[in-house]
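Take a look at the structure set out below.
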Amino acid sequence: MRELEAQKITEVVARLCVEANRVLPQDLERRIQQGLDQEQSELGRAVFQDLCRNMDAAREMNIPVCQDTGMAVIFAEVGQEVHINGSFEEAVQEGVRRGYTEGLLRCSVVKDPIRRGNTGDNTPAILHVRLVPGDRVSLTVAPKGFGSENMSRINMFTPSATEQDIIGFVTETARLAGGNACPPMVLGVGIGGDFEKCALLAKQALCRAVSERNADPYYAGLEQRMLEAVNALGIGPQGFGGTVTALQVNICEFPTHIAGLPVAVNVGCHVTRHQQYIL
């Protein structure tokens with residue numbers, strides 16, 4: 001049994017909160033740079049140039065790449081052979097608290113969904129924990145801004161739904177999002193499970209590298225068809241029109257009930273952020 005101090009978890013989460021908000025994953029940054037070459041609209045190309053300059057400025061000045069530093073979402077895979085000395089959840093929340101306050105990140109979490117009132121430190125974070133074999137702890141911090149989050153949707157299809165129905169739902173979601181989601185978007189699509197599992201799959205899909213296709217050739221092909229359909233909308237960078245509306249579509253799938261076919265779309269903006277570290 002491996003011993004791990006809860007303080008280590010706090011330190012890593014705090015650092016990842018800052019890093020995720022300042023520097024995009026390398027493959028996403030490359031995809032944005034490629035978008036500049038692929039965009040056919042003159043105005044769209046000018047927007048892509050601004051996005052690239054913004055990424056460079058954030059890196060050089062050590063400031064967030066977007067002013068909405070998001071609600072912190074943490075995916076934790078905890079090895080069954082690890083004993084954590086202290087409260088795991090408290091350690092994670094303290095890490096978010098330190099990361100956002102000491103890192104001078106905007107705190108956007110309110111105490112109550114209706115009565116509001118800012119918590120002042122961006123806690124509580126959304127925490128998903130999974131027990132896995134081994135003696136390591138994997139932590140992924142994915143700050144999620146709500147300009148794009150608000151555009152996300154779920155549909156409880158029945159098994160009679162066709163592939164085209166599903167592609168149409170994803171495409172309609174992107175159309176309704178329009179410029180509100182700060183395109184070019186990254187779309188995470190969850191297919192299967194039940195109501196809440198489907199939404200979780202969509203969120204997890206946003207944490208997969210945009211350079212990595214689904215391991216199942218069938219779903220990899222579906223990702224490509226969805227991407228093409230979304231880009232045919234002509235929404236373009238920041239909603240000003242163009243040929244690159246989405247940078248990528250990632251699908252995560254899971255078995256489901258014989259009577260169901262749930263599909264969720266978690267919309268990510270062009271700064272779909274996440275950083276991972278393994279303790």
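The values are calculated or read from the model by the stated rules, or taken from the named source; none is laboratory data. Bear in mind the structure is a predicted one, so any value in this text is a computation, not a measurement. Positions of Cβ are generated from backbone atoms using ideal geometry, with glycine treated the same way; all protein chains shown enter the neighbour counts. With ligands, DNA and RNA removed, areas are computed over all heavy atoms of the protein, side chains included. Shrake-Rupley method; radii C 1.70, N 1.55, O 1.52, S 1.80 Å.
For the chain, the relative contact order comes to 26 percent (Cα pairs under 8 Å, sequence separation of at least 6).
Counting heavy atoms of the protein chains alone, Leu105 has an accessible area of about 10 Å² for a 1.4 Å probe.
If you take the square roots of the eigenvalues of the alpha-carbon gyration tensor of region 121-188 and sort them as a ≥ b ≥ c, do you get rounded (a/c under 1.5), prolate (a/b over b/c) or oblate? It would help to have the intermediate numbers written out before the result.
Values: a/c = 2.78, a/b = 1.44, b/c = 1.93.
Oblate shape, in that a/c is at least 1.5 and b/c is the bigger or equal ratio.
Exposed loop positions in the chain were taken to be trypsin sites (Lys or Arg not before Pro) whose DSSP state is not H, G, I, E or B and which have at most 10 other beta-carbon atoms within 10 angstrom. Between these positions, the longest stretch is 117-279.
Considering only beta bridges that DSSP places wholly inside the chain, some 55 percent are antiparallel. Helical content of the chain, expressed as a calculated mean residue ellipticity at 222 nm, amounts to -13000 deg cm²/dmol (DSSP H runs of 4 or more residues, -39,500 (n - 2.57) each, divided by residue number, nearest 500). In the set [x] 63, 46, 37; [y] 57, 46, 32; [z] 52, 51, 40, which value of Cα extents along the principal axes in Å was calculated from the structure you see? Matching the structure shown: [z]. FRET efficiency for the Ala232 to Thr119 pair, using the beta carbon distance and R₀ = 35 Å, is estimated at 0.25. A 1.4 Å probe, protein heavy atoms only, puts the accessible area of Ser160 near 90 Å².
For the chain, the per residue solvent-accessible surface stands at 47 Å², with DNA, RNA and ligands left out and a 1.4 Å probe. Using a 4.7 Å Cβ cut-off, which Cys residues in the chain lack a partner cysteine? Those would be Cys17, Cys52, Cys66, Cys107, Cys198, Cys207, Cys252, since no other cysteine Cβ in the chain comes under 4.7 Å of theirs. Averaging Cα coordinates gives a centre for region 168-203 and one for region 18-48; these two points are 20 Å apart.
For region 41-47, 3J(HN,Hα) computed residue by residue from phi via the Karplus equation (6.51, -1.76, 1.60; θ = phi - 60°) reads 7, 5, 5, x, 5, 5, 5 Hz, glycine and proline entered as x.
For Arg153, the amide hydrogen comes within under 5 Å of the amide hydrogens of Val265, Val267, counting only partners 5 or more places away or on other chains and with H modelled in the peptide plane. Using 1/(1 + (r/R0)^6) with R0 = 45 angstrom and r between the beta carbons of Gln40 and Leu131, what's the FRET efficiency to the nearest 0.05? Using R0 = 45 Å, I get an efficiency of 0.40. Remark: region 139-152, residue by residue, has Karplus-estimated 3J(HN,Hα) of 10, 10, 9, 10, x, 10, x, 9, x, 8, 4, 5, 8, 6 Hz, where x stands for each Gly or Pro and the curve is 6.51 cos²θ - 1.76 cosθ + 1.60 at θ = phi - 60°. Within the accessible surface of region 73-224, defined with a 1.4 Å probe on protein heavy atoms only, the carbon and sulfur portion equals 53 percent.
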